[in-house]
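The next block holds one structure in the form of C-alpha cells; read it before the comments.
The values are calculated or read from the model by the stated rules, or taken from the named source; none is laboratory data. Nothing here was measured: the structure is a model prediction, and the numbers come from that model. Every residue, glycine among them, receives a Cβ derived from its backbone with ideal geometry; neighbour counts consider all protein chains shown.
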Amino acid sequence: MDGTVTARPETDPEESPDEGPDEQDADRQPAGPVSPHAERRAETMRVFHRMHKLPPGDPERERLRAEVIEDHMAYARRIAARYGGHGEVVEDFVQVAYLGLVKAVDNFDPGHGTGFLGYATPMIMGEIKRYFRDATWDVHVPRRMQELSSALRKVTEALTQELGRSPSVAELAEKVRATPEEVIEAMDAASAYTTASLDRPVRVDSAEGASLAEFVGDEDPRFEAVVNREVLKPLLARLGERDKRILMMRFFRGMTQSQIGEELHVSQMQVSRLLTRILEELRAGFD
Amino acid sequence: MQQENYPESYRLPRPSTVVLAIPADREQVVLVRSVAGHIAARLGMSVAELADLRLAVDEACGLFLLAPGFGTAGETVECRFEHDASSLTVLVSAAAPASLQPDVDDIGWLMLSALVDELTWKSEQGVARLTMVKHLSGQGG
C-alpha cells in the first residue's frame with residue numbers, strides 16, 4: 001500500500017467537526033482501533049460548538065472556555081518542552097505557550113472546518129517564537145552560551161585537577177548542569193563561523209607548535225574574534241609591558257593562570273582578573 | 001582534484017548536498033540536529049530559523065524512531081540536506097513498511113506542519129520518505 005500525506009501549515013489535514021471515521025484515518029490504521037486522539041478531538045469540537053451557541057459573557061460559556069483551556073494545558077506544555085531551555089526559561093516558555101493556547105481558544109472558529117489542534121499548534125509555537133524574538137532570543141541564547149562557556153572554563157580547570165586527567169564531555173555536562181549537546185555547542189560556538197584559521201600553528205618554527213585554538217578554546221570564547229594578529233598588533237602595542245607579558249604567557253606560551261601567577265608572584269585569582277581586564281580593553285579597542 | 005576518481009556511488013547529486021545516515025537510535029538524533037544547525041548557519045538563517053530547523057529535524061526523526069517496531073531490524077535513518085538559492089529541502093527516509101504513517105493528529109506532525117513551509121510523507125516500495133522544505137527568507141549566504 002502506498003500512501004502520501006501532505007500538509008502545509010495553512011491546510012492541516014485534520015478531521016472536520018462533523019466527526020465520523022474519515023478515510024485518511026481508516027487508511028492509515030487499517031486494522032488498528034480508533035485513534036485515541038479522535039475521541040478527544042470530537043469531544044473538543046463538541047465543547048466548542050456548545051460554547052459558540054452561547055452569548056459572550058454567559059457563565060456557562062466561560063466555564064466551557066476554562067474547560068477546553070485546561071484540557072489542553074498539558075499539550076501546550078509539551079510544545080514548550082520541545083523547545084528545551086533550562087530553569088526559569090522553561091517556565092517562561094510554558095507561560096507563553098499557555099498564552100498562545102488561550103488566544104487559540106478565543107479565536108478558534110469551530111465552523112471553519114479545521115481541527116482545534118491544527119489551529120492551536122502553530123499559534124502556541126508562534127507565541128513561543130515571538131517570546132524568543134521580543135524578550136530573550138537574541139539575548140538569552142548567546143548569553144546562555146556565554147555563561148556556559150565561562151562555567152566550562154572554570155569547571156574544566158577544576159575537574160582536570162581533581163581527576164588528574166582531562167574530563168569527558170559527560171563529566172563536564174553533569175558539573176555545569178547542561179546536556180552534553182550543549183557543552184559541545186558551547187565549545188563549537190567559540191570556533192564556528194569565524195574566518196580566522198584557528199588551526200594555524202602559532203609557532204611555525206616549531207614542530208610541536210600548538211594551534212591557536214588550543215590556547216583560545218578554554219579561554220574567553222569571544223577572544224577568537226580579536227585573535228586576528230594583524231588587527232591585534234596595534235592594540236597590543238598600546239598595552240602596558242606587564243599586560244602584554246601576561247597575554248603572551250597565557251595565549252602564546254599556553255601557560256596556566258597559576259603558572260603565570262607564580263612567575264609574577266601574584267595569585268591565580270589576580271591573574272584571572274588581570275586577564276579579564278586586558279581582554280576587555282582589547283575588545284573595547286576592537287569595537 | 002581527485003573527486004573525479006570517486007566511484008559513482010560516492011558521488012553526491014549536487015555539490016551542496018549533505019547526506020547523513022544514523023542508526024535507529026534516539027541518542028543519535030543529536031547528530032542530525034547538529035548538522036542541521038551548522039547548515040542553517042551557513043545558509044545565513046536567523047537564530048530563530050535555525051532553532052526551527054533543528055526542532056523540525058528532531059521531530060522528523062522522531063516520526064520514524066518513535067513508531068512502534070521501528071528500528072528493531074537495524075534500520076538506518078537517512079537525512080539528506082539539499083538547498084538552492086531559495087529553499088532548503090530536508091529529506092528524511094528509512095526502510096519502513098507502508099503501515100508506518102505519521103499520525104497527523106499527533107503533536108509531532110502538527111508541530112512539523114508549523115515549522116516548515118512544505119511537508120510531505122510518501123511511502124513506496126518499502127521506503128518511507130518525509131520531505132520538508134523551508135524557504136530561505138534572508139538573502140545572506
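Is region A:40-55 home to any residue that is at pLDDT 90 or above, β-branched (Val, Ile, Thr), surrounded by 15 or more Cβ atoms within 10 Å (Cβ to Cβ) and farther than 20 Å from residue A:128 by Cα?
yes
Kindly indicate whether residue B:65 is within 14 Å of chain A (Cβ to nearest Cβ) and surrounded by 16 or more Cβ atoms within 10 Å (Cβ to Cβ).
For residue B:65, the condition - within 14 Å of chain A (Cβ to nearest Cβ) and surrounded by 16 or more Cβ atoms within 10 Å (Cβ to Cβ) - is not met.
Which ones in region B:89-111 are more than 22 Å from residue B:75 (Cα to Cα) and more than 9 Å from chain A (Cβ to nearest Cβ)?
Residue satisfying the conditions is B:89 alone.
For region A:166-278, which fully contained helices (runs of 4 or more DSSP H) count at least 3 residues that are at pLDDT 50 or above and charged (D, E, K, R)?
A:169-176, A:180-189, A:241-247
Are any residues in region A:93-131 among the aromatic types (Phe, Trp, Tyr), out of contact with any Ser or Thr (no Cβ under 8 Å at 6 or more places or on another chain), assigned to a helix (DSSP H, G or I) and closer than 21 Å to residue A:40 by Cβ, and if so, which ones?
Answer for region A:93-131, where residues must be among the aromatic types (Phe, Trp, Tyr), out of contact with any Ser or Thr (no Cβ under 8 Å at 6 or more places or on another chain), assigned to a helix (DSSP H, G or I) and closer than 21 Å to residue A:40 by Cβ: A:98, A:119.
In region B:112-124, how many are in contact with a Ser or Thr (Cβ under 9 Å, 6 or more places away or on another chain) and either at the interface with chain A (Cβ under 7 Å from one of its Cβ atoms) or hydrophobic (A, V, I, L, M, F, W, C) (or both)?
9
I'd like the full set of residues that are β-branched (Val, Ile, Thr) and crowded, with 19+ Cβ neighbours inside 10 Å, limited to region B:78-130.
Answer for region B:78-130, where residues must be β-branched (Val, Ile, Thr) and crowded, with 19+ Cβ neighbours inside 10 Å: B:90, B:92, B:104, B:116.
Report, ordered by the first and then the second residue, all pairs with beta carbons closer than 7 Å, sequence separation of six or more or different chains, a first member in region A:70-94 that is surrounded by fewer than 14 Cβ atoms within 10 Å (Cβ to Cβ), and a second member that is at pLDDT 80 or above and outside any helix (DSSP H, G or I).
Close Cβ pairs (under 7 Å, with a partner that is at pLDDT 80 or above and outside any helix (DSSP H, G or I)) do not exist here.
Identify all residues within region A:150-191 that are basic (Lys, Arg) and under 21 Å from residue A:272 (Cβ atoms); write none if there are none.
Hits for region A:150-191 are A:153, A:154, A:175.
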